[in-house]
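To start, the structure itself, in structure tokens.
The values are calculated or read from the model by the stated rules, or taken from the named source; none is laboratory data. Owing to the predicted nature of the structure, the values given are computational and were not obtained by experimental measurement. Here the Cβ positions follow ideal geometry from the backbone for every residue, glycine too, while neighbour counts run over all protein chains shown.
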């Protein structure tokens, strides 16, 4: 890993959802996120050239994806949906959070194998303890309505002004008791990442 990528901490959060006000699920849904907090080498200044960091972040993306998958039991086949996001400390800029698109998204898709849909994303600038709501949708078809979801990521002491928090999210199922119609997982037919 590049010496310019200085990680302060990683945080793993996994929920076991047994119901959401309706009857207990036959199989609980696991939903989680894993975040990495690292020094922002561009904090405090405008740097025109950012691409070296996108390349240097690839091993970090894989490490975060592997840690999250392990937290969900380790089997890529059970992961049905995903998402990602970046929270940039206040001495950085929004574009620094976008460095996660390749490093995080591609790492997660590669780890999971067949994962045709784009990875939905949220990026913002905020103070320590800011909430980052990670969007989630189905890994093979973005229009599968039952898997439109999200999970809240927060690390109380991050990001410091000169840091970035990057996170990935995965879930092993749809929203509990999903029943508002739309494309269903079993009806995916186009295999184009959308339908």
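Restricting the stretch 114-138 to residues that are under 12 Å from the mean Cα position of the chain (by Cα) and part of a loop (DSSP other than H, G, I, E, B) leaves a set whose member that is farthest from residue 31 (Cα to Cα) is 118. Within the stretch 14-22, identify whether any single residue is buried (at least 19 other Cβ atoms within 10 Å of the Cβ) and at pLDDT 95 or above, and answer yes or no. No, there is no match, as no residue in the stretch 14-22 is buried (at least 19 other Cβ atoms within 10 Å of the Cβ) and at pLDDT 95 or above. Hey, residue 191 hits all of (1) closer than 23 Å to residue 93 by Cβ; (2) part of a loop (DSSP other than H, G, I, E, B); (3) in contact with a strand residue (DSSP E or B) (Cβ under 9 Å, 6 or more places away or on another chain) but one; which does it fall short on? Result: residue 191 fails condition (1) only.
Listed conditions (1) surrounded by fewer than 21 Cβ atoms within 10 Å (Cβ to Cβ); (2) out of contact with any helix residue (DSSP H, G or I) (no Cβ under 7 Å at 6 or more places or on another chain); (3) modelled with pLDDT of 95 or more; (4) more than 23 Å from residue 175 (Cβ to Cβ) are all met by residue 3, apart from (3).
Set side by side, the residues 108, 170 differ, and just one is modelled with pLDDT of 95 or more, under 11 Å from the mean Cα position of the chain (by Cα) and in a strand (DSSP E or B), which is 170. Restricting attention to the stretch 139-167 and to residues that are over 21 Å from residue 35 (Cα atoms) and assigned to a strand (DSSP E or B), the residue that is modelled with the highest pLDDT turns out to be 144.
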